[in-house]
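*Asks:* Shown below is the structure under consideration.
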Amino acid sequence: MANPKTIGRLQAQIQRRVAYCLQFEISDPRASFVTVTKVELSKDLARAKVFYSVLGSEADRSKTAHMLEGAAGFVRRQLGRVLETRTIPLLSWEYDPSAEDAANLSRLIAEARQRDEAIRSRKVALELADAERTAEELAGELDEDDLEALAEEAPGFDEDAPEERDSDEDPR
């Protein structure tokens, strides 16, 4: 039984080394787009479960799983060169769908935002149309005498007075 701190350190070391092997030391084209997401090491340090994700289709995942099973011995040998333990853990590979789930969730959020924007723009367009219709109805109901009476009631409105300028403005 190892100390939890030791297990955590070894898990991180195994994850780094496995990722390095997959990226630089294995020349199999099926190893592209593989990400080692985490490693779970047993308490007796005899077994390590390596979680990975793959960008691509179901066929890509299947090809990568077969490649990883075939490369387990090589990766284990490379781990033996780095780990300072009495035994080298047996590696088992497990697909981690979290990256795929995150991509699907991001896609769903983007779609929801687009729908919200479409609803918001329709709502604004309807409000504008209602405002124009109301303005046209009011303009049709008011005659010229009513407009003059409204203009006279407006505070600070004087037809003959020139527009006042702010003193900060350039007089040009």
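*Asks:* Limited to region 18-47, what total is found for residues that are in contact with a Lys or Arg (Cβ under 9 Å, 6 or more places away or on another chain), surrounded by 16 or more Cβ atoms within 10 Å (Cβ to Cβ), more than 16 Å from S98 (Cβ to Cβ) and modelled with pLDDT of 90 or more?
*Replies:* Total meeting the criteria: 2.
Every residue, every condition in (1) without any contact (Cβ under 8 Å) to a residue 24 or more places away in the chain; (2) loosely packed, with under 12 Cβ neighbours inside 10 Å; (3) of a type in the set (A, V, I, L, M, F, W, C), yes or no:
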| position | (1), (2), (3) |
| --- | --- |
| G73 | yes, yes, no |
| R77 | yes, yes, no |
| V82 | no, no, yes |
| T85 | no, no, no |
| I88 | yes, no, yes |
| A102 | yes, yes, yes |
| E111 | yes, yes, no |
| V124 | yes, yes, yes |
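*Asks:* I'm trying to understand the selection: among the residues of region 80-104, which are hydrophobic (A, V, I, L, M, F, W, C) and modelled with pLDDT of 90 or more?
*Replies:* Within region 80-104, V82, L83, I88, L90, L91, W93 meet the criteria.
*Asks:* Turning to a different aspect of this structure: From the list S62, S53, pick out the single residue that is surrounded by 13 or more Cβ atoms within 10 Å (Cβ to Cβ), assigned to a helix (DSSP H, G or I), modelled with pLDDT under 95 and of a type in the set (S, T, N, Q). Walk me through how you get there before you give the answer.
*Replies:* Values: S53 fails: assigned to a helix (DSSP H, G or I).
It is S62.
*Asks:* Any chance region 59-82 includes a residue that's of a type in the set (A, V, I, L, M), within 21 Å of G8 (Cβ to Cβ), assigned by TED's automatic domain parsing to the domain that holds Q11 and within 30 Å of the chain's Cα centre (by Cα)?
*Replies:* Among the residues of region 59-82, not one is of a type in the set (A, V, I, L, M), within 21 Å of G8 (Cβ to Cβ), assigned by TED's automatic domain parsing to the domain that holds Q11 and within 30 Å of the chain's Cα centre (by Cα), which makes the answer no.
The values are calculated or read from the model by the stated rules, or taken from the named source; none is laboratory data. Not measured: the values here are computed from a predicted model. Here the Cβ is made from the backbone with ideal geometry for all residues, glycine too, and neighbour counts use every protein chain on show.
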